[in-house]
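Contents: one structure, followed by commentary.
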Amino acid sequence: MSDPCFKPGLMPFEQAQKALQDAAEQYISKVPRKIRSIPIWEADGNIVASEVISPIAVPGHDNSAMDGYALNLSSDALEQTSFEVIGAAFAGQPFQGELRQGQAIKIMTGAKLPEGANAVEMKENVERASEQQITLQQPARLNANIRRAGEDIELNQTVFVPGHRLSPADVGLLASLGKTEIEVYAPPKVAIFSTGDELKAPGQALSDGDIYESNRYVVITMLRRLGAEVIDLGIIPDDKSAIKDAFLRADAEADLVLSSGGVSVGDADYTKEVLDDIGQVGFWKIAMKPGKPLAFGSLPNSLFMGLPGNPVSATVTFYHLAKRVIDVLSHADVQGSVKFSATTTAKIKKRPGRRDFQRGIAYPNEQGQWVVEPLSQQGSGILSSISRANCFIDLPADNAGYQQGEQVMVEMFAAYLK
Ligand code: AMP
Ligand code: MG
């Protein structure tokens, strides 16, 4: 039995990835960059467009890391355990005054350290002998429990550079700098449609032989998580003029046009004819599985990617190839994925020839070692395999399969898929 998909002369996956990235970089270099200022509340997932320099130090003042007592320890009396208490400092209510040798104030976590304080002892180690007097259980350490001004962020520090995708912690960091707005790039516009006479949208009645289409739903949901502006052109029937119309409308508005279906050589696939008319598009056979057929090229005003019709192929092709294009069009740093090696709990079947992104469920076993269970159904139509999985098992093109217990590369699904 031979794998019908294995043929020599396929384009290596890495070459396809690089060619797509190069084309996207070339496209974006010719488009004026659109920058806008948005409230930090809306910043999550956006791409930083201008360097962010901190206008203040964080924290802005030396402060206590503990509830306890701020002390003035003298360098020649480090063993001192008895101190005079001359006041108190609370977060937001500093002590007005200076500590001299042998003096202390009661201090709360986050309260500003007074002049002269050079250590904080936590209250658990302190006995309050009287209103004016404390005794430490053991001598304090110089500089203990003090958070220094600027230890989080220094004044004038570069906090973010262009290309950085903002996360929840980043939004908090901006808030800690007192920022209310941030300059980000306008998101890329991505138009998408599905082709196929058999496709119906959820909510419509199915005729004999029809299916509910799912690709637009998976891909648009990923696009939204990636922050793209989506132009949804719906389902287009296998009709040459309808397909041409859809392409022209999409091209007029979008930076990237995505279609799904009709890129393999089927009888009713007019995509190729239309693209030959209006654009410069290559039909690639990529040495990847699932995936393989991919149309890619340029329309008069935009880039175009024709994803395969099979739902798993469309999802995986988007994940591993289109995502990069979108990163480049977003002006985002293109980052490699996090991978690690895990032990497969079952035999993995594979023929040499194509890089295979099988779906699996990775988890730490009882010994705390990472294992991965390959899902039994790996067909390109089995969308539930992606829904159930939490990772790809990334199998190199030349590999011929693995026995149970062997080490394989696992790539946990990134946040835009899981
Ligand atoms: P095609 O690439 O158009 O030959 O389609 C390959 C397979 O994917 C066929 O079984 C189609 O019915 C299916 N398919 C195409 N587009 C979609 C879609 N948008 N959602 C779900 N399945 C699809
Ligand atoms: Mg079709």
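Values for this structure:
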| quantity | calculated |
| --- | --- |
| Neighbour net charge for Tyr212 - beta-carbon separation under 15 angstrom, K R +1, D E -1 | -3 |
| Relative exposure of Asp277, Asp356, judged by other C-beta atoms within 10 Å (fewest first) | Asp277, Asp356 |
| Highest to lowest packing among 106-116, 151-161, scored as the average C-beta count within 10 Å | 106-116, 151-161 |
| Where labels lie 7 Å past Cα in the beta-carbon direction, separation of Tyr217 and Arg388 in nm | 1.8 nm |
| Radius, Kirkwood style, for the chain when every pair of distinct Cα atoms is counted (Å) | 25.7 Å |
| Positive minus negative residues near Thr109 (Lys, Arg vs Asp, Glu; Cβ under 14 Å) | 0 |
| Aspartates and glutamates with Cα under 15 Å of Lys292, excluding same-chain neighbours fewer than 8 positions away | Asp3, Glu14, Asp356 |
| Spatial separation of Cα centroids for the stretch 369-418 and the stretch 302-335, in angstrom | 19 Å |
| Dipole of the chain, positive end: most advanced residue of Ser194, Val325, Thr109 [Cβ charges, Cα centre] | Ser194 |
| Helix-only mean residue ellipticity at 222 nm for the chain, each DSSP H run of n ≥ 4 adding -39500 (n - 2.57), per residue, nearest 500 | -5500 deg cm²/dmol |
| Helix 240-253 vs. the chain, principal-axis angle (Cα, 0 to 90°, nearest 10) | 30 degrees |
| Magnitude of the charge dipole, the chain, Cβ model with Lys/Arg +1 and Asp/Glu -1, debye to 20 | 840 debye |
| Filter on Lys106/Lys179; Lys323/Lys418; Lys34/Lys189 - keep pairs with C-alpha separation over 21 Å | Lys106/Lys179 |
| Mean projection area, nm², convex hull over Cα of the stretch 379-418 | 3.7 nm² |
| Sequence ranges 303-311, 225-233, 176-184, 66-74, ranked by mean other-Cβ count within 10 angstrom, highest first | 303-311, 66-74, 225-233, 176-184 |
| Formal net charge of residues neighbouring Glu25 (Cβ-Cβ distance under 12 Å; K, R +1; D, E -1) | +1 |
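Quick note: the coordinates plus some simple rules give every number you see, no bench work behind them. Everything quoted here is computed from the prediction, not taken from an experiment. Neighbour counts run over all protein chains shown; Cβ positions are idealised from the backbone, glycine included.
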